Amino acid sequence: MSTTEKSEKPQQNKMLNATQGLKNIMGRHFLAIEQAYRDGTPTAWATSGSPVEMLYAMDVQPMLPENSATVSAAQKYSQNFIEMAEAEGYSYDLCSYFKTNVGAVLSNAGMTEGGTRKPTFMLSTDVICDTHVNWFEVQAERFNVPHYTIDVPHVVSNSSNRQYNYFKKYITEQLYEFIDFMQEVTGKEYDEERARKVTENSWNLSETWKNIYELRKHIPCPISTRDTFGGLFPLFTMPGLKAPIKLYKRMYREAKERVDNGIGALKKEEFRLMFEGIPFWYNLKYFGQLEKWNAIIVYEPYTYAFSKYMNPKVTKEMVLNTPVEAMSELMLSFWYVYDLETRIKKFEETVREWNIDGVLLHNNLSCRPNSCGMYDLKRHLMEDYDIPCLIIDADMNDPRKLNETQTLNQIESFIEILRQRKKQ
Ligand code: SF4
């Protein structure tokens with residue numbers, strides 16, 4: 001009998017009690033959207049990576065179709081919506097969030113199925129990917145609503161300070177122009193004081209999330225992906241509100257208590273993993289299967305990235321004094337715009353600091369920014385830093401692209417390699 005067979009029975013992986021509050025918070029977000037429609041308050045679709053804080057600062061209710069797409073996947077509607085989009089002519093290889101949204105709009109899906117209603121306007125940016133811009137172009141035309149897009153140049157390894165400053169100025173100009181756009185479309189005045197309060201809340205939300213992540217450095221790790229995969233949503237749907245800060249503080253306190261008492265999310269923790277990429281929203285239970293090998297994911301760049309205040313140039317003082325400039329600085333330094341060299345460095349640091357035994361890399365078949373450079377990343381981590389890595393092919397919203405058994409077999413073999421390394 002192999003060592004893996006001995007521990008086949010899954011453990012009881014404990015979610016934090018505080019995380020249960022996430023349902024309420026997200027429920028309130030969707031209620032706020034409904035309320036905005038009832039009151040005739042302006043609403044806006046926004047892509048992840050865009051400065052949602054600026055919408056809250058103008059009392060515009062944001063809706064994030066990517067978040068809605070994950071709802072579709074969790075409710076098992078996404079495949080149907082994706083196939084509807086493909087029947088319309090959208091390619092099998094296009095982003096499955098986009099296609100989920102196309103299908104949801106075509107079928108007039110409700111919010112509990114991942115539908116999104118016609119907004120007052122749309123806000124997109126190419127900070128993470130060009131799909132965002134094309135997606136909103138298509139839907140803005142369908143709904144016949146105005147669309148504002150923010151173009152963000154990428155800083156690469158040989159970009160000079162002069163270029164960086166130029167990029168920042170270029171983005172800042174667009175953000176001020178966006179304020180003019182919102183004032184014109186909504187008839188509301190931009191209130192600098194309100195913007196300061198919103199960005200302060202956004203800062204506090206991010207800091208609390210980062211503190212939670214610090215606790216994950218402990219052995220055993222007090223928090224698993226049961227808390228973080230869903231826990232990330234307030235970071236990009238509600239940055240600027242107070243309620244999610246309270247939730248994160250409760251999560252932090254409970255996790256800290258676990259750390260103080262030497263309690264882990266797993267009963268027995270043997271292998272600490274990193275998972276890079278977007279999870280499979282249609283099958284989150286899949287990740288629970290790691291527990292039968294006493295393995296736990298202790299870090300996900302994806303859920304950490306949305307804490308976004310990672311640029312040391314962006315201080316709390318800057319956030320309070322010049323919120324618009326702080327937003328443009330943040331857009332230039334988002335995790336998913338890192339060049340390969342910075343990404344490799346970041347991964348190596350993280351593996352060391354969080355005591356990670358191996359890295360699972362999700363080669364997401366519908367997301368180029370997530371998967372681009374993944375084989376080079378793997379090669380460098382393995383050859384230059386002796387970090388074991390496994391690439392798995394799947395998709396965040398399209399269940400057709402995950403071969404469950406084959407992938408699980410690959411992970412089992414990978415865990416066996418980690419086990420042998422520990423014995424050496
Ligand atoms: S391509 Fe990737 S980053 Fe772009 S919208 Fe789709 S999932 Fe998001």
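Met318 satisfies every condition listed in (1) surrounded by 21 or more Cβ atoms within 10 Å (Cβ to Cβ); (2) away from the ligand (no atom under 15 Å from the Cβ) except (1).
Out of Lys308, Lys292, Lys316, I need the residue that is touching a Leu at 6+ places or on another chain (Cβ under 8 Å) and in contact (Cβ under 8 Å) with a residue 60 or more places away in the chain. Which one? Talk me through it step by step, then tell me what you get.
Working: Lys292 fails: touching a Leu at 6+ places or on another chain (Cβ under 8 Å); Lys316 fails: touching a Leu at 6+ places or on another chain (Cβ under 8 Å).
Step by step, each of Lys308, Lys292, Lys316 is checked, and only Lys308 is touching a Leu at 6+ places or on another chain (Cβ under 8 Å) and in contact (Cβ under 8 Å) with a residue 60 or more places away in the chain.
Report whether or not Tyr385 is at pLDDT 95 or above, in contact with a strand residue (DSSP E or B) (Cβ under 8 Å, 6 or more places away or on another chain) and surrounded by fewer than 16 Cβ atoms within 10 Å (Cβ to Cβ). No, not satisfied.
The set of residues from the range 363-407 being within 19 Å of Asp93 (Cβ to Cβ), acidic (Asp, Glu) and away from the ligand (no atom under 13 Å from the Cβ) comprises just one member, Asp393. With respect to His147, determine if the residue is at pLDDT below 95, in contact with a helix residue (DSSP H, G or I) (Cβ under 6 Å, 6 or more places away or on another chain) and of a type outside the set (Phe, Trp, Tyr). No: the conditions fail for His147. Per the listing Leu22, Leu31, the residue uniquely surrounded by fewer than 22 Cβ atoms within 10 Å (Cβ to Cβ), under 17 Å from the mean Cα position of the chain (by Cα) and more than 16 Å from the ligand (Cβ to nearest atom) is Leu22.
Residue-by-condition table, conditions (1) more than 17 Å from Val52 (Cα to Cα); (2) within 16 Å of the ligand (Cβ to nearest atom); (3) surrounded by 13 or more Cβ atoms within 10 Å (Cβ to Cβ):
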position: Ala109; (1), (2), (3): yes, no, yes
position: Asn144; (1), (2), (3): yes, no, no
position: Tyr148; (1), (2), (3): no, no, yes
position: Arg162; (1), (2), (3): yes, no, no
position: Lys168; (1), (2), (3): yes, no, yes
position: Asn201; (1), (2), (3): no, no, yes
position: Leu205; (1), (2), (3): no, no, yes
position: Tyr213; (1), (2), (3): yes, no, yes
position: Arg216; (1), (2), (3): yes, no, yes
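Taken over the range 29-54, residues that are assigned to a helix (DSSP H, G or I) and more than 21 Å from Ser333 (Cβ to Cβ) amount to 11.
For the range 338-362, residues that are crowded, with 19+ Cβ neighbours inside 10 Å and either within 16 Å of the ligand (Cβ to nearest atom) or without any contact (Cβ under 8 Å) to a residue 60 or more places away in the chain (or both) total 5.
Remark: pairs (first residue in the range 142-158, of a type in the set (S, T, N, Q); second residue in a strand (DSSP E or B); Cβ separation under 9 Å; 6+ apart in sequence or on different chains) = Thr149/Met122; Thr149/Leu123; Thr149/Ser124; Thr149/Thr125. Go through the range 43-84 and give me each residue that's within 16 Å of the ligand (Cβ to nearest atom), more than 14 Å from Met122 (Cα to Cα), among the hydrophobic types (A, V, I, L, M, F, W, C) and crowded, with 23+ Cβ neighbours inside 10 Å. Ala69, Val71, Ala73, Phe81, Ile82 - these are the residues of the range 43-84 that are within 16 Å of the ligand (Cβ to nearest atom), more than 14 Å from Met122 (Cα to Cα), among the hydrophobic types (A, V, I, L, M, F, W, C) and crowded, with 23+ Cβ neighbours inside 10 Å.
Taking the criterion of being over 20 Å from Arg272 (Cα atoms), touching a Cys at 6+ places or on another chain (Cβ under 7 Å) and buried (at least 20 other Cβ atoms within 10 Å of the Cβ), the residues of the range 363-382 that qualify are Ser366, Cys367. Every test in (1) at pLDDT below 95; (2) more than 20 Å from Gly114 (Cα to Cα); (3) not in a helix (DSSP H, G or I) is passed by Glu5 save one, and that test is (3).
When Gly103 is tested against (1) surrounded by fewer than 22 Cβ atoms within 10 Å (Cβ to Cβ); (2) away from the ligand (no atom under 13 Å from the Cβ); (3) part of a helix (DSSP H, G or I); (4) not acidic (Asp, Glu), just one condition goes unmet, and that condition is (1). Of all residues in the range 199-243, which are in a helix (DSSP H, G or I) and basic (Lys, Arg)? Result: Lys210, Arg226. For the range 112-137, a tally of residues being more than 13 Å from the ligand (Cβ to nearest atom), crowded, with 24+ Cβ neighbours inside 10 Å and part of a helix (DSSP H, G or I) returns 0. Scanning the range 24-44 for residues that are of a type in the set (Gly, Ala, Ser) and under 20 Å from Glu113 (Cβ atoms) turns up Gly27, Ala32, Ala36. Does at least one position in the range 306-326 carry a residue that is assigned to a helix (DSSP H, G or I) and within 18 Å of the chain's Cα centre (by Cα)? Among the residues of the range 306-326, not one is assigned to a helix (DSSP H, G or I) and within 18 Å of the chain's Cα centre (by Cα), which makes the answer no.
Pairs linking a residue in the range 368-393 that is on the phi > 0 side of the Ramachandran plot to a residue that is more than 16 Å from the ligand (Cβ to nearest atom), with Cβ atoms under 8 Å and 6 or more positions apart or on different chains, are Gly373/Leu340.
The values are calculated or read from the model by the stated rules, or taken from the named source; none is laboratory data. From a predicted model like this one, the values you see are computed outputs, not experimental measurements. Backbone-built Cβ (ideal geometry, glycine too); neighbour counts: all protein chains shown.
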